[in-house]
1. Averaged per residue, what accessible surface does the chain expose to a 1.4 Å probe, in Å²?
2. Mind pulling the angle between the C-alpha long axis of helix 151-163 and the longest principal axis of the chain? Nearest 10 degrees, somewhere in 0 to 90.
3. Using the Cα centre of segment 38-191 as origin and beta-carbon charges of +1 (Lys, Arg) and -1 (Asp, Glu), tell me which of THR87, GLN171, LEU97 is placed farthest towards the positive end of the dipole.
4. Before rounding to the nearest 500, sum -39500 (n - 2.57) across all DSSP H runs of length at least 4 in the chain and divide by the residue total; then give [θ] at 222 nm in deg cm²/dmol.
5. Quote to one decimal, in nm, the extra length available between GLU43 and TYR166 on full extension: 0.36 nm per residue of separation minus the C-alpha distance between them.
6. Can you send over the solvent-accessible area of GLU43, 1.4 Å probe, protein chains only, in Å² to the nearest 10?
7. For segment 68-129, which trypsin sites (Lys or Arg not before Pro) are in a loop by DSSP, counting at most 13 other Cβ atoms within 10 Å?
8. Of GLN122, GLN13, GLN140, which has the largest mean-square fluctuation in a 10 Å C-alpha GNM of the chain?
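The values are calculated or read from the model by the stated rules, or taken from the named source; none is laboratory data. Model, not experiment: these values are computed from the prediction. Backbone-built Cβ (ideal geometry, glycine too); neighbour counts: all protein chains shown. The accessibility values were calculated without ligands, DNA or RNA, using every heavy atom of the protein model including side chains. Shrake-Rupley method; radii C 1.70, N 1.55, O 1.52, S 1.80 Å.
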Amino acid sequence: MALADMIAARRPQRIDARRNFDAVLAAAEAAFTELGAEVSMEEIAKRAGVGVATLYRNFPTRADLMECVYMVSVDELVRYGHGIDPTDPHAALVDWLRHLVTHLATKHVLTTVLTRESRAYQPSREAIYAVADPLFARAQQAGEVRADVDADDVMRLIFAATAGTYRDDAQRERAVQIILDGIRPTRTTPT
């Protein structure tokens, strides 16, 4: 099942229930980002303006909630990727990769619950690669990316770079720039 379909299947049909569901997701995303993965479910319910029973009715476990928050964030990331102007293939790829880095850096706490067995893992991965693969292919066809690397190579480097702990954002940016520089073809200057 596609990522957007999985989210739609979880979202209640009644307007008031959908509003509560969305409020819980927004409150959970903010709480996980601010307070970490161990924030209490009661705190999330309070921030969402709903009762704890409403939260648990929609998300029986913390992992269910974290997975859904992550899937929604990946869906937003994918929509961003589909909206990138492909006119300049290299700029489009770099824009996507930088946006992905920001996404991963801010969602790191959520990925702690994702394993290969998670319901969210494969659909999220497929959705991300469905954006990355064509952007990468266009940049490679335009001669802006080395011929001896593929999208999966680059994505794994980006995932590894964002999983690390850095002194500050500037250090993370340097690591990402090294990856971006490394995928560019070597330009020889005429002698």
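1. Result: 54 Å² of accessible area for each residue.
2. Result, in degrees: 60.
3. Sorting the options by dipole projection puts first GLN171.
4. So the calculated ellipticity at 222 nm is -23000 deg cm²/dmol.
5. Length gained, GLU43 through TYR166: 41.4 nm.
6. Approximately 50 Å² for this residue.
7. Listed in order of number, the matching sites are ARG116.
8. GLN13
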